[in-house]
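These notes concern the structure reproduced below.
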Amino acid sequence: MARILIVDDSPSQLLGIKRIVEKLGHEAFSAEDGAAGVEVAKQELPDLILMDVVMPNLNGFQATRTISKNPETAHIPIILVTTKDQETDKVWGMRQGAKAYVTKPIKEEDLVKTLNEFLPGAHAP
């Protein structure tokens, strides 16, 4: 079982992603924006982070860069989960330190496949 931090400012998106993560048998906890996501990542050191991009205070690109540049949290894989589906957004996200990119609306099988790539021993339900 992995501990997964979900960073998203939309309560409905958080709930949907949390449902998928918990169905896989993982523990899910959340932060409501990028700034809170950075703080929770430092405090909790999750096994993986699912990060939205368009959020108040600190956007997902900024939060990803902050987490991936901090020696305490740099080892945590970050998967961007966003409506921003342009190739330039994907390239920029990866340059900020993201390991993968999943677009919304989320297809459960895509998220499961991506999670399985980064979580050793993970499996589909």
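The figures follow:
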| quantity | calculated |
| --- | --- |
| Two-decimal ratio, the chain, of alpha-carbon radius of gyration to 2.2 N^0.38 Å | 0.93 |
| Full-extension gain in nm, Asn116 to Leu15, via 0.36 nm per residue minus C-alpha separation | 34.4 nm |
| Set of lysines near Lys107 by C-alpha distance (under 20 Å), chain-local residues within fewer than 8 positions excluded | Lys18, Lys23, Lys84, Lys90, Lys99 |
| Helix-only CD estimate at 222 nm, as mean residue ellipticity for the chain, using -39500 (n - 2.57) per DSSP H run (n ≥ 4) | -13000 deg cm²/dmol |
| R0 of 25 Å, Cβ-Cβ distance Phe29-Asp85: FRET efficiency to nearest 0.05 | 0.40 |
| Normalised contact order of the chain, rounded percent, pairs of Cα under 8 Å and 6 or more residues apart | 23 |
| DSSP-defined beta bridges in the chain - what % are antiparallel, rounded to 5 | 0 |
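Quick note: the coordinates plus some simple rules give every number you see, no bench work behind them. Bear in mind the structure is a predicted one, so any value in this text is a computation, not a measurement. All Cβ positions, even for glycine, are placed from backbone atoms using ideal geometry, and neighbour counts span all protein chains on display.
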